[in-house]
Amino acid sequence: MARISWTRDELMLACALVAENGWHELRQNDPETLELSDLLRTLPLHSTAAKSDPRFRSPNSVSRKTTDIATAHPDYRGTTTRGGQPTRDVVADFLRYPAEMAAAASAIRSGIASGELHRIKPQPEEAGDDEETTAREGQLLARWAIYRERDRGLRDRKIQQARRRGEVIRCEVCSFDFTYAYGELGTGYVEVHHRLPLHVSGPTETKLDDLAFLCANCHRMCHKSFRGESWRTPDTLRAEMQKASRRRIPHAASDSAS
Ligand SMILES: [Zn+2]
Ligand SMILES: [Zn+2]
């Protein structure tokens, strides 16, 4: 059977172990290696056929991956093993964002332990393997976050709260109001977005104040994979829009001149 490439999520879990181990590799018989091997063999990322191969993420393959990771550290003085670019990218991110990456790895572990990550099917907007830039937090947390935001009950409670407070239900970033734009058809339509991504907040219970109202366009832009980021807050997106509008050459003027 062909070797199954390590995904970003798997590399994050392995890298978290190596980082905890002072950037040293783990051996085949180390309890941490055995535990990670078991865990990786259950992740909902590969086909059942791939997972049925006994060599798939065996303790030996996990141990070899920790060697790739440890030797990709810039302070390593020996010969670097061939880890591949995704391995080097994960190591670079762990060195650049140590707290965030460790939190993301532990959030993946919590999602697996609670069974939640196994219940959720792949979501249409999550960054797939064919994405040019892989989301920093990996595929499973992106999937979980999108699923969580689709919870109708949560969205409805947020809308009720806004109505009680007498607030207008519109996009927090661009002020788009579905009722204003589409009349009766758009009444009560809005999307909700978590201000904090799962890899920062951890898998906590969602409070209504953690949610922002967004229009469909702004929501897509908040989740777009771009330069390693696949999550933006409404404030960050608003700043991007302001930056874009300052750079824009007003084309309305040239349109009317022609
Ligand atoms: Zn908007
Ligand atoms: Zn969202």
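Scoring 177-188, 148-159 by mean Cβ neighbours within 10 Å over their residues and listing the highest first yields 148-159, 177-188. Please give the FRET efficiency for Glu100 paired with Ala216, using the beta carbon to beta carbon distance and R0 = 25 Å, rounded to the nearest 0.05. Efficiency, rounded to the nearest 0.05: 0.35.
Derived from the Cα gyration tensor, the three semi-axes of the equivalent ellipsoid of the chain are 40, 22, 16 Å, largest first. The long axis of helix 152-164 is offset from the longest Cα principal axis of the chain by roughly 40 degrees.
When peptides 200-210, 59-69 are sorted by average Cβ neighbour count within 10 Å, with the highest value leading, the order is 59-69, 200-210. The residue among Ala142, Thr236, Leu196 whose Cα reaches farthest toward the positive pole of the charge dipole of segment 92-241, with charges on the beta-carbon of Lys, Arg, Asp and Glu, is Leu196. Among the cysteines of the chain, Cys15, Cys174, Cys218, Cys222 have no other cysteine beta carbon within less than 4.7 Å of their own.
Given segment 69-180, what whole percent of its Cα pairs are spread farther than 19 Å? Tail of P(r) above 19 Å: 64 percent of Cα pairs.
Gain on full extension, evaluated as 0.36 nm per residue between Lys121 and Arg82 minus their Cα-Cα distance, stands at 10.8 nm.
Pairs exceeding a 27 Å alpha-carbon distance, out of Lys51/Lys121; Lys158/Lys243; Lys121/Lys224; Lys51/Lys224; Lys65/Lys224: Lys158/Lys243; Lys51/Lys224; Lys65/Lys224. Taken about its Cα centre, segment 147-247 carries a charge dipole of about 220 debye when Lys and Arg each add +1 at the Cβ and Asp and Glu each add -1 at the Cβ.
Projecting the Cα atoms of Cys215, Leu40, Phe176 onto the charge dipole of the chain, computed from C-beta unit charges around the Cα centre, puts Phe176 farthest toward the positive end. Using the alpha-carbon atoms, what tilt in degrees (0 to 90, nearest 10) does helix 139-149 show relative to the longest principal axis of the chain? The angle comes out near 30 degrees. Can you work out the FRET efficiency for the pair Arg152 and Glu35, with r the C-beta to C-beta distance and R0 = 51 Å, to the nearest 0.05? With a Förster radius of 51 Å, E is 0.85. The average projected area of segment 147-247, computed from the convex hull of its Cα atoms over all directions, is 7.4 nm². Evaluated with a Cβ-only charge set (Lys, Arg +1; Asp, Glu -1), the chain carries a dipole of roughly 260 debye about its Cα centre, given to the nearest 20. A Förster radius of 35 Å, combined with the Cβ-Cβ distance separating Thr179 from Arg109, puts the computed FRET efficiency at roughly 0.25. Using just its DSSP H runs of length 4 or more, each adding -39500 (n - 2.57), the chain gives a mean residue ellipticity at 222 nm of -15000 deg cm²/dmol after division by all residues. Once the Cα atoms are used to define both axes, helix 234-247 deviates from the longest principal axis of the chain by about 70 degrees.
Charge dipole (Cα centre; +1 on Lys/Arg Cβ, -1 on Asp/Glu Cβ; no other charges) of segment 1-97 amounts to roughly 380 debye.
Readers should treat all values here as calculations from the given coordinates under stated rules, not as data from a laboratory. Keep in mind that this is a model prediction, so the values were computed, not measured. Note that we place each Cβ from the backbone using ideal geometry, even for glycine, and neighbour counts take in every protein chain shown.
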